[in-house]
Amino acid sequence: MAVATIEFRAQSFEFSCEVVAPIVLNEHKGSALRGAVFHSLRRVGCSHQELRSCHACPLVKDCAVSYLLATVDEEGRRGGDVPRPFVVRPPLEDKNIFEAGARLKFGINLFAQPANFLPYLLLAVEGLEREGLGAKYEQGRGQWRRGALRVREIAAVNLLSGERQLLFGPGSRYVDAPEIPVTQAQVLTQATTSKPEAIRTLHFTFHSPTRLVAGGKPLIRPDFPTLVQRLIERVSSLSTEYGGAEFSLNFEELMAQARAVLLLEDRTSWERVRGYSTRQHQDLSLGGFVGQASFKGRVDKLLPLLLWGQITHVGKDATKGNGWYSLQVGPATDE
């Protein structure tokens, strides 16, 4: 995997909040958080809120809101819409109601140049403190309000090394600049092995619903070649849009290696969840498989892609937190 001209990188942030008034989230917490951040950012940063779409806005090429949340590129390979430069890492607890005094943590990953848009993201999260989060419920005398939170800490995290940098905490007056991005060089270093031909084991944990579509239908179970193909498409698109150049990926070579990888164990199950799109004014099916799956094979050419996938997520609705997985690579063998 070649390094892009402007190095593709990811900045990951973790927000630790105190619940001030009970917060009620829908069953797809990532969808709720993505929607709340979207609307908060639009309220604080959009100059033409009367427009229904960024496509018609005269400021679309220079607007932080459009760049982060409603990306538009009329000459892009996917038409006017291009992949969003962020994903949400939702809370993984089963509960949907967070009582007053509880801690609510969530994360956001920004890719390449959008990391410079952190101040706008901070404004959006600050807006959640004023406007609330989650479903409205009656809070006395017929007053219907959302739950309330207060941001206590903001940290940058490197999702490969585990390094953590506190950007804002108790007593802080300013938010420090993040200094620990995941870079392509770091990914390649971690993926390098002394025996490229070795057989390795891959242990995936799919934390959030992973929705891979093949033949027009979502896959009920993980299929390794489909997973790799969707990662190629996603990482390639993100690096092209936000890294300045497309990674040089040999599609046929990667897919040939992917098709030779064997499934060892599948302990995933289908999680059926739904969300609501205020833009489309309809319920959406956001379900996918979750759990653990293990594979075995030669994966030296695939490892950089698989490591990036932990951060970019994979499949449908990645920006809402879907397709979030972690990967453990087992020791090489001579088989």
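Tell me which of these P222 doesn't satisfy, since it passes every other one: (1) farther than 22 Å from R298 by Cα; (2) under 20 Å from the mean Cα position of the chain (by Cα). All conditions pass for P222, except number (1). Does any residue of the stretch 107-115 turn out to be in a strand (DSSP E or B) and on the phi > 0 side of the Ramachandran plot? Looking for residues that are in a strand (DSSP E or B) and on the phi > 0 side of the Ramachandran plot, one finds none in the stretch 107-115, hence no. State whether the residues of the stretch 116-134 include one that is touching a Lys or Arg at 6+ places or on another chain (Cβ under 6 Å) and farther than 27 Å from I311 by Cα. The answer is yes; a qualifying residue exists.
Between D266, D317, D300, the distinction of being within 15 Å of L227 (Cβ to Cβ), charged (D, E, K, R) and at pLDDT 80 or above belongs to D266 only. Each residue in the stretch 192-207 was checked for being crowded, with 20+ Cβ neighbours inside 10 Å and either at pLDDT 95 or above or among the hydrophobic types (A, V, I, L, M, F, W, C) (or both), and 3 of them qualify. When each of T192, T205, T268 is tested for being of a type outside the set (A, V, I, L, M) and farther than 25 Å from D317 by Cα, the lone residue that passes is T192.
Yes/no per residue for (1) part of a loop (DSSP other than H, G, I, E, B); (2) in contact (Cβ under 8 Å) with a residue 40 or more places away in the chain; (3) of a type in the set (S, T, N, Q):
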site	(1), (2), (3)
F13	no, yes, no
E18	no, yes, no
E27	yes, yes, no
L33	no, yes, no
A36	no, yes, no
R42	no, no, no
H48	yes, no, no
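Just one of the listed residues (R234, R230, R221, R200) is among the basic types (K, R), assigned to a strand (DSSP E or B) and not assigned by TED's automatic domain parsing to the domain that holds E93, and it is R200. Whenever a residue of the stretch 255-270 is free of Cβ contacts under 8 Å to residues at least 12 places away in the same chain and not assigned by TED's automatic domain parsing to the domain that holds P222, it has no partner that is in a helix (DSSP H, G or I) and exposed (fewer than 14 other Cβ atoms within 10 Å of the Cβ) lying with C-beta atoms less than 6 angstrom away and at least six residues away or across chains.
For the stretch 134-179, filtered to residues that are in a strand (DSSP E or B) and β-branched (V, I, T), the residue that is surrounded by the most Cβ atoms within 10 Å (Cβ to Cβ) is I154. Summed over the stretch 119-142, residues that are modelled with pLDDT under 80 and not charged (D, E, K, R) total 3. Evaluate the following for G215: is it loosely packed, with under 14 Cβ neighbours inside 10 Å, free of Cβ contacts under 8 Å to residues at least 12 places away in the same chain and under 22 Å from G321 (Cα atoms)? Against the criterion (loosely packed, with under 14 Cβ neighbours inside 10 Å, free of Cβ contacts under 8 Å to residues at least 12 places away in the same chain and under 22 Å from G321 (Cα atoms)), G215 does not qualify.
The values are calculated or read from the model by the stated rules, or taken from the named source; none is laboratory data. Quantities reported herein were computed from a predicted structural model and do not represent experimental measurements. Cβ: placed from backbone, ideal geometry, glycine included. Neighbour counts: every protein chain shown.
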